[in-house]
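To keep things clear, I will list the structure first and then write my remarks on it.
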Amino acid sequence: DKASKIPESIREKSPIFWEMFEKHSLMIYQLIEKNPILLDKFNFLLNYPELLSFNVRSSYFRTKMKNKIDLKSLIQIKINRKNLLNSSFNVLNKISNEDFLRRICIVYNDEPGVDTGGIVRDWFTNLIKEIFKSTNNLFVCSKESHNYQPNPLSSSIPNYLNYFKFAGKIV
């Protein structure tokens with residue numbers, strides 16, 4: 001019962017509205033679960049993510065991103081495989097956010113090959129590994145929860161805040 005999950009701190013801001021919402025919440029949640037893009041119509045719920053399931057929020061996000069990505073145009077990126085993290089960071093920091101939403105084609109320096117999807121998958125996979133590799137001092141994995149968090153030593157990396165922004169874009 002989603003209606004019972006509305007925290008009192010939210011309910012007290014506008015009791016009349018939330019009372020009305022509760023009366024219709026089951027129908028609203030069912031509609032949104034079937035078609036998460038309806039959150040655009042119920043956008044006030046985006047301000048209260050605790051009222052939405054992770055699956056709904058995730059599906060909404062993926063749908064919105066899918067609509068933003070331009071698969072018809074291509075951006076070719078030349079990367080040094082031996083210095084994957086820094087090379088990718090330097091190249092991708094020079095492109096606009098709009099270009100970042102185009103279809104990416106990876107060319108490794110001094111490596112022949114045509115990227116039909118395999119090379120870009122290889123690049124993403126290895127880049128994610130590099131971002132979270134402990135020796136790069138960006139993130140550490142907590143032993144208790146196995147979650148990654150910023151490494152306290154990351155400030156020793158020149159331009160470390162921009163590396164975190166870069167990591168966010170990639171993830």
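Tabulated results
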| item | result |
| --- | --- |
| Label-point separation, S53 to Q149 (7 Å along Cα→Cβ), nm | 3.0 |
| Computed over the chain: relative contact order in percent, which uses C-alpha pairs under 8 Å that are six or more apart | 13 |
| Cα centre as origin, Lys/Arg/Asp/Glu Cβ charges: the chain dipole, Debye | 320 |
| C-alpha long axis of helix 54-68 to longest principal axis of the chain, angle in ° | 60 |
| C-alpha long axis of helix 15-34 to longest principal axis of the chain, angle in ° | 50 |
| Rg to Rh, two decimals, where the chain supplies the alpha carbon set and Rh follows Kirkwood | 1.09 |
| GluC sites (Glu not before Pro) restricted to the range 1-75 and DSSP loop, no more than 13 other C-beta within 10 Å | E12 |
| Gained length - V140 relative to F42, 0.36 nm times residue gap less alpha-carbon distance | 31.5 nm |
| Net charge over other residues, Cβ less than 15 angstrom from the Cβ of S154 (K, R count +1; D, E count -1) | +1 |
| Solvent-accessible area, 1.4 Å probe, carbon plus sulfur percent, for the chain | 55 |
| Extent along principal axes [Cα atoms of the range 49-144; Å; largest to smallest] | 51, 41, 24 |
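The values are calculated or read from the model by the stated rules, or taken from the named source; none is laboratory data. What you are looking at is a predicted structure, and each value in this text was computed from that prediction instead of being measured. Reconstructed Cβ throughout: ideal geometry from the backbone, glycine too, with neighbour counts over all protein chains shown. Surface accessibility is based on the protein's heavy atoms, side chains included, excluding ligands, DNA and RNA. Shrake-Rupley method; radii C 1.70, N 1.55, O 1.52, S 1.80 Å.
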